[in-house]
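The values are calculated or read from the model by the stated rules, or taken from the named source; none is laboratory data. In this text, all values refer to a predicted model and were calculated from it rather than measured experimentally. Here the Cβ positions follow ideal geometry from the backbone for every residue, glycine too, while neighbour counts run over all protein chains shown.
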Amino acid sequence: MMNLLSIFSRKIFALLALVFLLAACNFPGSSQAGKDSPEAVYTQAAQTVQAALTAQGPRTTPTQPPAALPTVSVPTQAPPPSDPTQAPPSNPTQPPAPAPTSTIKVDDAAQFVSQSPSDGTSIPAGQAFKTVWTLKNVGKTTWTTQYHLRPFIQVNFGGPAQVFLPKEVKPGEEVSIEVPMTAPDSLGEQKTIWVLTNATGVNFFPLDLTIKIITAPTNTPKPNLTATAQSCLDNPGSCPTVTP
């Protein structure tokens, strides 16, 4: 840069020196004195300098682009969580699955009509009796003679293992079932439970009986009057004395 300025300055000075020499040549006494005035000389010199400058042209200094600075990449770290405490994962409580159940469709249905003896009846211990249940068929099937009553819970009532129906019972009809029983020896209130069962062994109607067991009466033997009279005749001293 400094060398270019120095060369350019030298050329300017050389041109200026040339201008002054030309002007001196045009002073009085010169062959051209009568032809050119001083103003014309200066004008010609200025034009000469301008032509020289135009010939030289402006020297442009090439601009070097600035060297690129190396880019330093700084590793980016993720910001720490604002709340380091993590909530425990939720554990939704699921309701327990229902246990599978086998459903047996039964078209049999019964309706209670009457019972004898009625609940609460007092019966002496050890006494035999009969219980009669009257039921009505309110289902969709006909009760065959394979339908039966059987004890479900029995407390020494001495009944049979099963009692079959005495006849077929169509829907809407009634039937009376007689069950022989014996009163237990335990005193107080006693209860027995029976169930009506169809031909395939499915229970579909329960029955129960509650009775009160009391002490059995004591039998006192009656005197034999005929034997007593004969003994008096045979042995007068053994006859009872009759007081009038």
Being crowded, with 18+ Cβ neighbours inside 10 Å and of a type in the set (F, W, Y), is that true of even one residue in region 110-124? no
Filter region 125-141 for residues that are over 19 Å from I211 (Cβ atoms) and either surrounded by 14 or more Cβ atoms within 10 Å (Cβ to Cβ) or touching a strand residue (DSSP E or B) at 6+ places or on another chain (Cβ under 7 Å) (or both) and give the result. L135, K136, N137, V138, G139, T141
Scan region 131-159 for residues that are at pLDDT below 95 and in a loop (DSSP other than H, G, I, E, B) and report the count. 6
Per the filter on region 203-241, residues surrounded by 13 or more Cβ atoms within 10 Å (Cβ to Cβ), part of a loop (DSSP other than H, G, I, E, B) and modelled with pLDDT of 65 or more are A216
As an exercise: evaluate G188 against (1) modelled with pLDDT under 95; (2) surrounded by fewer than 11 Cβ atoms within 10 Å (Cβ to Cβ) and give the number of the one condition it does not meet. (1)
